[in-house]
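As structure tokens, the structure follows; a few thoughts come after it.
The values are calculated or read from the model by the stated rules, or taken from the named source; none is laboratory data. Remember, it's a predicted structure, so these values are computed and weren't measured experimentally. Cβ atoms come from the backbone with ideal geometry, glycine included; neighbour counts cover every protein chain shown. Each accessible area value is taken on the protein alone, full model and side chains, heavy atoms only, with ligands, DNA and RNA left out. Shrake-Rupley method; radii C 1.70, N 1.55, O 1.52, S 1.80 Å.
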Amino acid sequence: MNPSASNPGMLSKVLSLAGALLVGYWLIREFTDEPVWVLVVSLVSLVAWIAFIFVSRERSVVSALLIILSAVTGAFATGPTAGLLIGPVIAAVLTMIGMPHRPTWHGVVLALAAAVVIPIGALSVDIQPLGLVSMEGGLAIAVIAGFSRRQIRVTQVQSLQLLEQRIVVEEEKARGAALAERQTVARDIHDVLAHSLGGLVLQLDAVDALLEAGRVDDAAVRVKNARAMAASGLAEARRAVDALRDDRRGEPVTAPEFRRTIDELLAAHLSLGGSVDFSVTGTDRELDFDVAEALRRTLQESLTNARKHAPGAPVAVRVDWSRRRVELEVSNPVTAAVPLAAPAGHGLVGMKERVAALDGASVDAAFVDGRFVVHTRLVTS
Amino acid sequence: MTIQTLINVAVILVLVGWIGIRQLAWRPVEVARMWRMPLILGVVGVITVSSDTSAALTTLDITLLVIELAVSLGIGALMGSIARFRPISAAAKAAHFAKNPKDTTDVTLESSTGGWGLGLWIAFIVVRVGIDIWAGAVGSTIAASTGVILIMVAANRFSRTAVFAARTSRVAVIHS
């Protein structure tokens, strides 16, 4: 913002002061021969005007009184000074009408009062009718200019308000973005921790059971598995934190990379005592980071859910590559112990949110023919 | 008594009676129509004054005219600001449209300035007559002419309508 816009009154104050001093100079040069009262009234008007310029608070009662004093005395002296003192009258009326915080009628009443006082003051001197008309005409122009100035200042105030509103909206938007980011972080933390910690709990339960049964060797194998699980969980957590720290979004994921992450997840599932029926159709290819991430997390979440709700049951994982899409279907039989309502955990919500953020993507989770099926369709570019 | 005086008396009486009755009654507010009367009176007044070439305008004439004009505008604005508004009744609305079948703009309010309005109107007449007498005494002829009377009434109605327009537009904003 440039300095003149932030302080619009400065230039007009300087001009106003220059005008007052000019009128004062001419008054003393030309009208010292007039009756003393003319000089006194004129000087009162000018002093009031200059005082108003230096009163910094435009809204104060003092500034209003100074304007009125300057206008009325100036109007009274206008005729005797052959129109010289119309200067402060015009300035006062223009200023009064041009103040947006004052009701219009303040300025209009001041203008009418000045219009009446001008000819009354002129009665004492011999003045041409045309001269009087031109003085009143000057006043009329001041009224019009005052309204124009008022309009401009009202517009300025409005545009400032508009600017403020826009900043508020932008702040809201930024807050919304931050909130969305937090949800993403929460989702990632859930995915990583729930997967590995859930696996660990299963492993440790098994260890517990094996030790109770005295099968120490088997327990030792399980503990090793659990250690591997914890290590991979830790690595995963690090990867998630890294991904959050330096935004890898935008970098594509190559087909072998993607295949490796799928294999890792399936291997983890197998090591937890699960069984997988895995099939791929079509040709795999490079994926956008977000698409690959959505697929990986969906598979991970589905496997975690399968272990939780159908332990030991074989999970069917099918990846289907078509020309423009990739589909992932994970299904597992529903065992009798599991309630038939859809498992409403954070995981499923997060999965849906993640997929919904992508164009042309959809995810359905439903019970079909005694199986719980999670079907994800994503568009590849 | 000259013809001029008789005409003045007649004009004043008719206007006083007509506008006086209208102050007391509740009347539908139709700002667009309200501008019509000051406009017509003003035009007729200006034509009457300019066709009267009997005397040139003096400084004194202008002084009196300006004072009268300020008083007329002030009293008109005061009338506008003391007016009361109320939502128009269905019967009054029907009567209004029966009287003005060509009217298409909707009327939602009616107004009355009541006793104070009538008082202000009488005050306006008294001030006018007073200025006429004063003007005659100090030698100004134009202030008392028929044309000027019409212009002053027009000014009075003009400022009243301006205040009305501002107030009703504020009411409209609240209602919308």
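Contact order, relative form, for the range B:48-130: 37 percent (alpha carbon pairs under 8 Å, 6 or more residues apart, mean separation divided by residue count). For the protein assembly as shown, lysine pairs separated by 8 or more sequence positions, or belonging to different chains, with Cα-Cα distances below 24 Å total 4.
Rounded to the nearest 100 Å², what's the accessible area chains B and A bury against each other, both chains counted, probe 1.4 Å? Buried: approximately 900 Å² between A and B. Within the shell of other residues whose beta carbon sits under 15 angstrom from the beta carbon of A:ARG149, the net charge comes to +3, with Lys and Arg scored +1 and Asp and Glu -1. The residues packed around A:LEU112, meaning those with a beta-carbon under 14 Å from its beta-carbon, carry a net charge of -2 if Lys and Arg are +1 and Asp and Glu are -1. Applying 0.36 nm per residue to the separation of A:ALA267 and A:GLU212 and subtracting their alpha-carbon distance, the gain on full extension is 17.1 nm. The range A:206-323: Rg/Rh from Cα coordinates, Kirkwood Rh? My calculation puts Rg/Rh at 1.04. Here the protein assembly as shown has 66 percent of its accessible surface on carbon and sulfur atoms, given a 1.4 Å probe and all protein chains in place.
Averaged over its residues, chain A has an accessible area of 55 Å² per residue, based on protein heavy atoms and a 1.4 Å probe. For the set A:LYS308, B:LYS93, A:LYS352, solvent exposure ranked by accessible area (probe 1.4 Å, protein chains only) runs largest to smallest as A:LYS308, A:LYS352, B:LYS93.
Between A:VAL40 and A:VAL62, how high is the FRET efficiency from 1/(1 + (r/R0)^6) when r is the Cβ-Cβ distance and R₀ = 25 Å? Nearest 0.05. In this case the efficiency is close to 0.70. Relative to the Cα centre, the charge distribution of the protein assembly as shown, modelled as +1 at Lys and Arg Cβ and -1 at Asp and Glu Cβ, gives a dipole magnitude of about 1300 debye. Averaged over the residues of peptide A:129-135, the number of Cβ atoms from other protein chains lying within 10 Å of each residue's Cβ is 4. Compared with the dominant Cα axis of chain A, that is its longest principal axis, helix A:86-97 is turned about 30°.
Between A:ASP33 and B:HIS96, the distance separating the two model label sites (each 7 Å from Cα on the Cα→Cβ line) works out to 6.5 nm.
For chain A, the relative contact order works out to 9 percent when only alpha carbon pairs closer than 8 Å and six or more residues apart are counted.
Each principal axis of the Cα cloud of chain B was evaluated for its coordinate range; sorted largest first, these ranges are 54, 28, 25 Å. Under 20 Å from a label point set 7 Å out along the Cα-to-Cβ vector of A:ILE120, the amide N atoms of the range A:54-83 belong to A:65-83. Taking each residue as 0.36 nm, the span from A:GLN161 to A:ALA237 lengthens on full extension beyond its C-alpha to C-alpha distance by 22.7 nm. If r is the Cβ-Cβ distance from B:VAL31 to A:ALA177 and R0 is 41 Å, what FRET efficiency results, to the nearest 0.05? FRET efficiency, B:VAL31 to A:ALA177: 0.25. Accessible area of B:TRP26 (1.4 Å probe, protein heavy atoms only, ligands and nucleic acids ignored): about 90 Å². The Rg/Rh ratio for the range B:52-120 is 1.23, where Rg is the radius of gyration of the alpha carbons and Rh is the Kirkwood radius.
Ranking A:GLU171, A:GLU329, B:GLU110 by solvent-accessible area of protein heavy atoms (1.4 Å probe, all protein chains present), from largest to smallest, gives A:GLU171, A:GLU329, B:GLU110. Shown here is the pair-distance distribution of the range A:183-379: with all Cα-Cα distances grouped in 10 Å bins from zero up to the longest one, the shares run 8, 35, 37, 16, 4, 0 percent. Extension gain, A:ILE189 to A:ARG102: 0.36 nm times the residue separation minus the Cα-Cα distance gives 25.4 nm. Find out how many positive minus negative residues lie around A:GLY24, taking Lys and Arg as positive, Asp and Glu as negative, among other residues whose Cβ is under 15 Å from that of A:GLY24. Counting the neighbours of A:GLY24, the net charge comes to -1. Taking every residue in B:56-64 and counting other chain Cβ atoms within 10 Å of its Cβ, the average works out to 6.
Simple spin-label estimate for A:LEU15 and A:GLN128 gives 2.9 nm between the two label positions (7 Å along the Cα-to-Cβ direction from each Cα).
For chain B, the mean residue ellipticity at 222 nm estimated from helices alone is -25500 deg cm²/dmol, where every DSSP H run of n ≥ 4 contributes -39500 (n - 2.57) and the total is divided by all residues, rounded to the nearest 500.
Think of each Lys and Arg Cβ as +1 and each Asp and Glu Cβ as -1; about the Cα centre, that makes the dipole of the range A:3-169 roughly 760 debye. Note on the range A:179-232 and the range A:93-123: Cα centroid distance 86 Å, given to the nearest whole angstrom. Only helices enter the 222 nm calculation for chain A: every DSSP H run of n ≥ 4 contributes -39,500 (n - 2.57), and dividing by all residues gives -23500 deg cm²/dmol, rounded to 500. Viscosity 1.567 mPa s, temperature 4 °C: what is the translational diffusion coefficient of the range A:3-169 from Stokes-Einstein with a Kirkwood Rh over Cα pairs, rounded to a whole number of µm²/s? Approximately 78 µm²/s, per Stokes-Einstein. Pairs of Cα atoms in the protein assembly as shown fall into 20 Å distance bins, from 0 up to the last occupied one, in shares of 16, 28, 14, 15, 19, 8, 1 percent. Spin-label model, A:THR254/B:ARG22: points 7 Å from Cα along the beta carbon direction are separated by 9.2 nm.
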